[in-house]
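**Q** Here it is: the structure, laid out below.
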Amino acid sequence: MVGKRLGSPDPKRHLWVLGLIAPGCALLPSQLVLHTKLEVFWWIGPIIILIAIPVLDWVVGEDGTNPRDEDYELLSNDRYYRWCTYMFLPIQVVGLIIAACMWAGDDLSVLDKLGLAATLGFVSGIGINAAHELGHRVERLERWLSKMALAQSAYGHFFVEHNKGHHARVATPDDPASARMGESLWEFLPRSVIGGFRSAIRLEGERLRRKGHRWFSVHNHILQAWAMTVVLFGGLLAVYGWRVLPYLLLQAVIGAGLLETVNYVEHYGLLRRRRPNGGWARCSPADSWNSDRLVTNIFMFHLQRHSDHHANPGRRYQTLRTSEEAPQLPAGYATMILLAVFPPLWRAVMDPRLLAHYAGDVSRANIQPRKRERILAEYDEYPAAA
């Protein structure tokens, strides 16, 4: 099998280092432009993520392999997989330093600098995914590395909100990061950004009070993560001057926007079951959209096996499985991000899949409240038609 070493139960073992191409995008533009004279390569990040990966997903297709249960401990304890995520951070930081040097100079046009900022923004967004993988771990080192990976996007509160908020409320109307049926991406983004921020502040405040600490404390996870952003951005401003600030902010906004768009894709319209006592049932693989496209999964450390991640958040990325119970996306995340930008196209593709997942019973979906009556009426005849 491709990438398999003697004695390894993972046929993709040596492919995981390809995930480092993502932060490497920040190192490529200057050399590509230098050798090809094509200034379009300042935009190499969006080109790879939005064009190359969807094409490769279509050509290569799905993975279809799952790790065996008896190999779980072996894979979990293999530190090679951890180093694939650890190495993301130094490459990410070096790329940002090089970009800041270019933003501060006069050699590039404003358009080229914007392209470089977009590339760094996509690196920043995928860096949040690396932070996501590290933030779920119990090891102290990996949790600190998670906060460091969030520094470039200035999205440090994600460390708290994702683990303590999103995972507890996922696929319910109470979760700001779970998109509702009929809700466009552009409606979802402000709700998720603002709601996630407020939730993180509240959750961390409650944790600190339980521990007997004040908000302004060295024990505050959010302040720790934000302090890393201040140090990173402050150091770059001190070295390269205020000219780099607009580009630092732009790449951070793009990175956070990419994360939230992926959030939109991952749980659109899905709703957990209610228990007889009125509480929400435990999250199952049926409550997250899944995609087993091999190329995107390699680049994003199996993030697309999202159903197993939410059902078993303690699993490391190399042990995540695809499940027949999980609803399946028609393409990889990179392609679905493009669809989400155009709400009518998104709904034309996703609403029928959502209805099929619930056997035509639209009332079982997580529906946008102000559109609920209209959507229920629109699909009232769906079961008979199906």
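**Q** Just to be sure I understand, how many residues within region 207-232 are outside any helix (DSSP H, G or I) and either open to solvent by 80 Å² or more (accessible area, probe 1.4 Å) or of a type in the set (S, T, N, Q) (or both)? Outline the logic, then answer.
**A** As a first pass, look at region 207-232 and keep what is outside any helix (DSSP H, G or I): 212-220.
From the residues that got through so far, the ones that are either open to solvent by 80 Å² or more (accessible area, probe 1.4 Å) or of a type in the set (S, T, N, Q) (or both) too are 214, 216-220.
Residues that pass the stated criteria total 6.
**Q** So which pairs qualify, if the first residue must be in region 62-74 and more than 14 Å from Thr322 (Cβ to Cβ) and in a helix (DSSP H, G or I), the second must be open to solvent by less than 50 Å² (accessible area, probe 1.4 Å) and of a type in the set (A, V, I, L, M, F, W, C), the Cβ gap must be under 6 Å, and the two must be at least 6 apart or on different chains?
**A** none
**Q** Moving to a separate point now. Report those helices (runs of 4 or more DSSP H) wholly inside region 236-330 carrying at least 2 residues which are more than 19 Å from the chain's Cα centre (by Cα) and closer than 26 Å to Ile21 by Cβ.
**A** Fully inside region 236-330 and qualifying: 245-267.
**Q** For region 344-367, what are the residues that are open to solvent by 40 Å² or more (accessible area, probe 1.4 Å) and at negative phi?
**A** Of everything in region 344-367, those that are open to solvent by 40 Å² or more (accessible area, probe 1.4 Å) and at negative phi turn out to be Pro344, Leu345, Arg347, Ala348, Val349, Pro352, Arg353, Ala356, His357, Asp361, Ser363, Arg364.
**Q** OK, next. When you go through (1) surrounded by 14 or more Cβ atoms within 10 Å (Cβ to Cβ); (2) out of contact with any helix residue (DSSP H, G or I) (no Cβ under 6 Å at 6 or more places or on another chain); (3) of a type outside the set (Ser, Thr, Tyr); (4) at pLDDT 95 or above one by one for Gly235, which number turns out not to apply?
**A** If we test Gly235 against (1) surrounded by 14 or more Cβ atoms within 10 Å (Cβ to Cβ); (2) out of contact with any helix residue (DSSP H, G or I) (no Cβ under 6 Å at 6 or more places or on another chain); (3) of a type outside the set (Ser, Thr, Tyr); (4) at pLDDT 95 or above, just (1) comes out false.
**Q** Same structure, new question: Any chance you could count how many residues in region 108-124 are of a type outside the set (S, T, N, Q) and over 18 Å from Ser153 (Cβ atoms)?
**A** Selection size over region 108-124: 6.
**Q** Next up: Determine, yes or no, whether Pro54 is touching a Leu at 6+ places or on another chain (Cβ under 9 Å) and either outside any helix (DSSP H, G or I) or not β-branched (Val, Ile, Thr) (or both).
**A** Yes, satisfied.
**Q** Testing Gly196 on (1) surrounded by fewer than 18 Cβ atoms within 10 Å (Cβ to Cβ); (2) out of contact with any Leu (no Cβ under 9 Å at 6 or more places or on another chain); (3) part of a helix (DSSP H, G or I), one condition comes back false. Which one is that?
**A** It fails just one condition, (1).
The values are calculated or read from the model by the stated rules, or taken from the named source; none is laboratory data. None of these values were measured; they are calculated from a predicted model. Positions of Cβ are generated from backbone atoms using ideal geometry, with glycine treated the same way; all protein chains shown enter the neighbour counts. Heads up: the accessible areas ignore ligands, DNA and RNA and are worked out on the full protein's heavy atoms, side chains in. Shrake-Rupley method; radii C 1.70, N 1.55, O 1.52, S 1.80 Å.
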